[in-house]
Structure formats: structure tokens, C-alpha cells
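Just below is one structure, and these are the notes that go with it.
The values are calculated or read from the model by the stated rules, or taken from the named source; none is laboratory data. Fair warning: this is a prediction, and the values are worked out from it, not measured in the lab. Cβ: placed from backbone, ideal geometry, glycine included. Neighbour counts: every protein chain shown.
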Amino acid sequence: MKELVIISGKGGTGKTSIAASFAHLAGNLVTADCDVDAANLHLVMSPVVRRATGFSGGKTAVLDQGMCSGCGKCLELCRYDAVSEEDGIYKIDKTACEGCGVCAYFCPVKAIDMVDDENGEWYVSDTAYGPMVHARLNAGGENSGKLVTLVRGQARRIAKDGDFKVILVDGSPGIGCPVIASITGADAILAVTEPSMSGLHDLKRVVGLAGHFGIRVLVAVNKFDINPDMTDKVLEFVKNEQLEMAGRVHYDIDVTLAQVEGKSVVEFSDGRAASDIRELWRNTAESLELEV
């Protein structure tokens, strides 16, 4: 079983479009959408939810008014302005609470409890290409890294039980906690970049992160033809860092039209981008020693 994680140093590089196309081309596999803060792979995979489970990423303080003595210790100690007082009545704002537990620890009458806070949901679904594990983190929800780890763990369990040979992970942009949780232990990552200064800058950050964890890096340049000079700089960086160049994808309006139709571009079109992505998949699969 091989696990490929598709990531990008910045948003908007086409990472999810390529992931959806890879799922279509690979066929029978397990997919996992680990971009839980802004999940969108489901928009082109049309999953049928088989199981939905609540996710608790932290705790929230809850005040029992009947036990409260009105001492004001919680208001004094809360650094997040989550505690308020009006006419001697103390209240805790669930949205502002960071779950640190200081108020509960120092409450002299133990009127405050720390309870599990449901931050979102995760799903196991069926798609035309095999099982899919994905999630939705509530607005302002915390512990996206913990949720990513849960999603990947479920995907691996499903792949093992079903004897699937490939797990395809659509990771988060950037280099933060959700990305770290997305890539650790993977066989390889495909870093999707674009020919711009910010694209190259963030590619370097992604490569540095992958190097820290000793993970193989393959690189794809999306919309490479809109800025040939910057594409040359990206290719120079890839060569100097001895990375694997998996392919380049033309700018193509069919990508946007496919998204409007809720389809992957390789399913929607036989145009330039679709052809490039097919070659990108062949190169990636060959590098991972997968059957195409």
C-alpha cells in the first residue's frame, strides 16, 4: 500500500483539482480530504455519506449558575475575555473560551466544568472511485491537526481492511499543523506550485518541511505557461535540490468549467490540462511503482 499526499505551499495552486483527477485516473483507491479547514474535494467527488461522526477537538468551560458564589475569580483570571459579569451574574462565552481550564482549576466552589466541545464532523463515504474519508471543521473550530490525524487513520484502516493499494490524500496548503499531520509517515508528497514569486517561495518552505521528516518530494508546476521565466526558476530550484519533477500543466479554462460541472478535468475534457494531468499521473505512479 502506497500513500501519496498532494500539498501546496499556498492556496489556489490547483492542488484539489489535480487530486480529483488522480482519483479518477487511479480508479479503485481510498481518498482522504485532509484540508479540513476548507474541505472542497467532495465538490468534485460526489461522495455518498455512509457514516457521520462528531469530532471533539478540545474542551469548553461551562458555569453552573446554581453553584456560583459570585467571587469573580474566573473573571479575574481569564486572559481571553470569555467571562463577563452583569448584575452579579457571571457568564462564560463559549465562542471566546479557549479551553485552557484556568477558571475551572481556581474556582473555589468548583462551579465550572470543562466539557468536550464538538468542533466538527468527519465522514466515511462511497464514491465512484472507492471509499473516501473527509471532514468538516466548524467555523472557529480548533485542533485541525488532530482531525487530520483522525481522517488519515480511518483512511489507512479502510485501505488495509479492503486491501486497497493506494491512499490519495488531499492535504492542506501551507506548512502548519494540519500539513504536518497530513504528511508524516507518507510514502511521498506531490508539491503543486505555480510560476510566481509566492509560489516558488512557498514551494521552498514545503520542501524544507518534507526534508525535515525525510519524505520524498515530487513537484508539479501548474499553469506553467502563464509565466515562463518563473517556471524556469522553479525548474532550476527543483534541479538544485535534486527533487523529482513529475510534470507541468498548461493553463486551461476547462479546469474552471469542469469545477462548475462538479467534475474532474480529466473526466470533463480532453484538452491540454487534462492531457498534462494524465501524464503527471503516469509519472507519479511510475515513481511510486504503482500499476497505471
Practice problem: Of the conditions (1) under 23 Å from N138 (Cα atoms); (2) in a strand (DSSP E or B); (3) not β-branched (V, I, T), E85 clears all except one; give me its number. | Solution: (1)
Exercise. Pairs only if they're at least six apart or on different chains, beta carbon under 9 angstrom, first in segment 28-42 and over 10 Å from M132 (Cα atoms), second modelled with pLDDT under 90 and aliphatic (A, V, I, L, M); list them, first residue then second.
Key: V36/L137; D37/L137; A38/L137; A39/L137
Quiz item: Which residue out of V109, V102, V115, V148 is at pLDDT below 95 and surrounded by fewer than 19 Cβ atoms within 10 Å (Cβ to Cβ)?
Solution: V115
Self-check item: Pairs with Cβ under 8 Å, 6+ apart, first in segment 149-161 and within 16 Å of A186 (Cβ to Cβ), second assigned to a helix (DSSP H, G or I)
Solution: T149/A181; R152/A181; R152/S182
Exercise. With respect to S196, determine if the residue is touching a helix residue (DSSP H, G or I) at 6+ places or on another chain (Cβ under 7 Å), of a type in the set (S, T, Y) and either crowded, with 21+ Cβ neighbours inside 10 Å or not assigned by TED's automatic domain parsing to the domain that holds K165 (or both).
Key: no
Quiz item: So, of the residues in segment 12-43 that are among the small types (G, A, S) and assigned to a loop (DSSP other than H, G, I, E, B), which turns out to be surrounded by the most Cβ atoms within 10 Å (Cβ to Cβ)?
Solution: G14
Exercise. Tell me, yes or no, whether segment 240-247 has at least one residue that is in the same structural domain as A20 (by TED's automatic domain parsing), under 14 Å from I18 (Cβ atoms) and surrounded by fewer than 19 Cβ atoms within 10 Å (Cβ to Cβ).
Key: no
Quiz item: Looking only at segment 27-41, which residues are touching a Lys or Arg at 6+ places or on another chain (Cβ under 9 Å) and within 20 Å of R157 (Cα to Cα)?
Solution: N28, L29, V30, A32, C34, D35, V36
